Each structure stands twice: as C-alpha cells, then as structure tokens.
Amino acid sequence: MAKKKEKNTAKEETVQVVEGDVEEEETHDDNSPEAYVLTGDYRADYTEICKRSDLSIIPLKLRATSPASSGTEVPEGAPTTFVTKDKYCYLKPSIEIESDDENKDSIKSFHIKGWKVSPQLLNALSLAAPQSLNTISLWRCGLTQEGLIVIVGMLTKLPIRNLLLDGNPQCAGEYYVLLSEECNLSTLSLRSNKMRCEHMKQLGAALAGNKSLTNLSLHNNNIGDVGAIHLAKGLRMNRTLLTLNLSANELSDSGTQAISEVLTSLNLSHDEIVARRKLIFRK
C-alpha cells in the first residue's frame, strides 16, 4: 500500500509540473513593452510603451526656435518677439523632439535637460526609437551606469551619430564604452563630467581603435597633464578624429606639448606600425 501511494504522489507531482508549464506558456504576456510592434508614429509608440512599462508619460514637445514654429497662438496686435507661458512650465519634465524632415510622425533627435532620467524611461525611449533617430542629448540628467548600458544598446541598433552627455559625472569612468566598434558615433560631447586623468587611460585606448568619431569635446573636466598624455597615446593610432576640445582642463605646457606633437608631426614606432596594420585589416 505504501508503494502504491508513492507512485500515485509521483504521478500527481508530474501532472502538476506539466500543468504549471502549460500555465506559464498560456500566461505569456503579449502586452509586454518588448512585444509591442512599432507603428511609425513616435508619439503613439512612446505613449503605448510607457503604459505597458507602468511609467509616467513625460510629455513630448517639439523644439522651437521661434513662436511661429512652436505652434503657440499669438494674439493679433501683440508683439511677436516673445511668448507668455505658465510660470511653472519650465520646471516640469519634458522631452524635446525634432521631427524627421521626410516623415513628420517620426523623429530625428530628442533632448532632455535638467531632470533625472531613470533607466526604465531610457529603455522605453529606446524601444520606441525609429531608424531616423540620429541625435541624443542628455544634459544633467543623473545618468547612471544602468542607463549608460541602455544608451549603448541604442547605439548598436540605431544609426545614431551624435551623442551629448554633458553634466553627467556619475559615469565618468565608463564613457570609453561609447567608442567601441559597435557604436558608430561621429560626435561625442562629455563636457563637465568631472573626468580625471585615470579615466583618460581607458578613453585613450578606446580612441586608438575607433574608426568613426570625428568630434570629441572634453571641455571643463579635470584630466590634467597625465590625462592629456594618455589621450595623446591613443591619438597616435587614430586617423578619424578631426576636432578635440580640451579647454578648461588644467593643462600645463607638458600636457599641451604631448597633444601638439601628435597633431603636428607623427612618426610611428615599429610596434605602432604593426598595431596600426592590424587595425586596418579588421575592417
């Protein structure tokens, strides 16, 4: 009798396991953010993905350079050189977007300024991002390492060429990942990120193997002369960078000389020539 009971309990357990697997398959959520199929309308896609992610919907606003382009109605007879707005509107979080020239429902850039952006919101922006997106600007947004990982993922799947991450010092030692082979940035701005000389060692090494970046701004950091020397070592192998901004970085004559020698005359050593040829063959 005891053996029969054991067999019966074993059968019940297997049945329960099988039923559990069936329930897991049946309860697969097609309403997850990742399962959403983009419609081509960025506003609608962004709103739906935020709802599926249980996120507060931060309003999207078109970037405007004049009252006429902002869509704000100006009363007849009133001056057209200014627009009155609610006194608290500048304190409310918003995402400024630029519409794509060919498709007004799509976007070519988004800009966030002065409020903390969570990695979850960045992930929602990434899932909704169209192939026309080429510029991302996050100014003083409290960017974390988790958020930086999301941005790297966007760079690998979208043709983003311009990235501005000014005023985000929390990831000062991790920005070298933006110069990997999978990322095809042409412009990178890392101003006011409290980057120091030890951060330049990895950034310089990443610059040595980068084949796409043409503009790099490191304005208002603390790289010092040692950091400039690390950058100079990386620039010896780099052949694409055209513009480098190192203003306000506490450089003296030694740091300036290290950079200027790379920019003027450049004689590679035998080991550097071999390493350079290996980089060329990777293309």
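Under 5 Å between amide hydrogens, built in the peptide plane, is the criterion, and for ASN168 it picks out ARG140 among residues at least 5 positions away or on other chains. Computed from backbone phi, the HN-Hα couplings of the stretch 89-96 come to 5, 6, 8, 8, x, 7, 10, 7 Hz, rounded to whole numbers (Karplus: 6.51 cos²θ - 1.76 cosθ + 1.60, θ = phi - 60°; Gly and Pro given as x).
Ligands, DNA and RNA are left out, and with a 1.4 angstrom probe the accessible area of the stretch 130-283 is 49 Å² per residue.
Taken one residue at a time, the phi angles of the stretch 134-142 give Karplus couplings (6.51, -1.76, 1.60, θ = phi - 60°) of 10, 9, 10, 10, 10, 9, 6, 10, x Hz. Gly and Pro are set to x. Pairs spanning more than 26 Å between alpha-carbon atoms, out of LYS194/LYS233; LYS233/LYS278; LYS108/LYS211: none are present.
On the basis of the beta-carbon distance and an R0 of 25 Å, GLU146 and LYS51 show a calculated FRET efficiency of 0.70.
3J(HN,Hα) along the stretch 35-50: 7, 5, 9, 5, 9, x, 9, 4, 4, 5, 5, 4, 4, 5, 5, 4 Hz, from the Karplus curve 6.51 cos²θ - 1.76 cosθ + 1.60 with θ = phi - 60°, whole Hz, x for Gly and Pro. Length gained on full extension, GLN257 to ASP101: 51.7 nm, using 0.36 nm per residue less the C-alpha separation. Taking 0.36 nm per residue of separation and subtracting the current Cα-Cα distance, fully stretching the chain between SER247 and ALA44 would add 68.9 nm. Principal axis analysis of the Cα atoms in the stretch 140-253 yields extents of 42, 31, 19 Å, listed in decreasing size.
The values are calculated or read from the model by the stated rules, or taken from the named source; none is laboratory data. Please read all numbers here as calculations on a predicted model, not as lab measurements. In this analysis, Cβ positions are derived from the backbone assuming ideal geometry, glycine residues included, and neighbour counts consider all displayed protein chains. The accessibility values were calculated without ligands, DNA or RNA, using every heavy atom of the protein model including side chains. Shrake-Rupley method; radii C 1.70, N 1.55, O 1.52, S 1.80 Å.
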